[in-house]
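Asks: The structure is given below, and queries will be raised subsequently.
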Amino acid sequence: MKGLGRGAAELLAIAEDLRHHDIQLALLTGPLRGVYDPSGHSAALLAFFAGMAGSEREYIREKPLQGQASTRERGRHGGRPKVVDGDIADYTRSLRANGVPIPQIAQKLVITSGKNMGQRPSAATVYHILAYTDETEGTT
């Protein structure tokens, strides 16, 4: 029944369509195997499945949100760790303001934390630093 509809409203609409066309529903596997007529007592079964589908979907949606809230309470935030701190960003902006090309800026910088500590950032990272600076200052 999970594959029949994504939510309660869709499952009830399918049941109404089956009822309108006098089509019976045959469940081939599972504990409720058999043929069901959506216009008789089986209508209650379809309504039950619709309610279960809706509650399962809500549960699936809520579980990750609860996990994210729990990690935020513990002081952890999702996403990748920051590669660039404020000092590197300021240095990058000053070099760019002095006309230093992006590849040369990348060669002058060294990552100070994380798994890439001691390595040089890519030119793309330098572009991201400069783009973020432009966004925060309101310029493009």
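The values are calculated or read from the model by the stated rules, or taken from the named source; none is laboratory data. If you're wondering where the values come from, they're calculated on a predicted model, not measured in any experiment. Cβ: placed from backbone, ideal geometry, glycine included. Neighbour counts: every protein chain shown.
Asks: As an exercise: evaluate residue 97 against (1) hydrophobic (A, V, I, L, M, F, W, C); (2) modelled with pLDDT of 90 or more; (3) in contact with a helix residue (DSSP H, G or I) (Cβ under 6 Å, 6 or more places away or on another chain) and give the number of the one condition it does not meet.
Replies: The number of the failed condition is (3).
Asks: Something else now. When only residues in segment 23-81 that are of a type in the set (S, T, N, Q) and closer than 30 Å to residue 115 by Cβ count, which is nearest to the chain's Cα centre (by Cα)?
Replies: Here the answer is 68.
Asks: Further, regarding this structure: Within segment 19-31, restricting attention to residues that are among the aliphatic types (A, V, I, L, M) and touching a Phe, Trp or Tyr at 6+ places or on another chain (Cβ under 9 Å), which residue is surrounded by the fewest Cβ atoms within 10 Å (Cβ to Cβ)?
Replies: 26
Asks: Condition first: farther than 20 Å from residue 132 by Cα, outside the structural domain of residue 130 (by TED's automatic domain parsing) and in contact with a Ser or Thr (Cβ under 6 Å, 6 or more places away or on another chain). Can you find one or more residues in segment 59-76 that meet it?
Replies: Within segment 59-76 (the criterion being farther than 20 Å from residue 132 by Cα, outside the structural domain of residue 130 (by TED's automatic domain parsing) and in contact with a Ser or Thr (Cβ under 6 Å, 6 or more places away or on another chain)), the answer is no, since none of the residues qualifies.
Asks: Here is a further query. Among the residues of segment 28-78, count how many are under 18 Å from residue 14 (Cβ atoms) and among the basic types (Lys, Arg).
Replies: Adding up the residues that qualify gives 1.
Asks: Give me the pairs: first residue in segment 50-72 and at pLDDT below 90, second residue charged (D, E, K, R), beta-carbon distance under 9 Å, and six or more apart or on different chains, which are they?
Replies: Taking only residues 6 or more apart or on different chains, the pairs are 50/10; 53/2; 53/6; 53/10; 56/2; 57/6.
Asks: Need the failing condition index for residue 31 against (1) modelled with pLDDT of 90 or more; (2) part of a loop (DSSP other than H, G, I, E, B); (3) not hydroxyl-bearing (Ser, Thr, Tyr), just the number.
Replies: (1)
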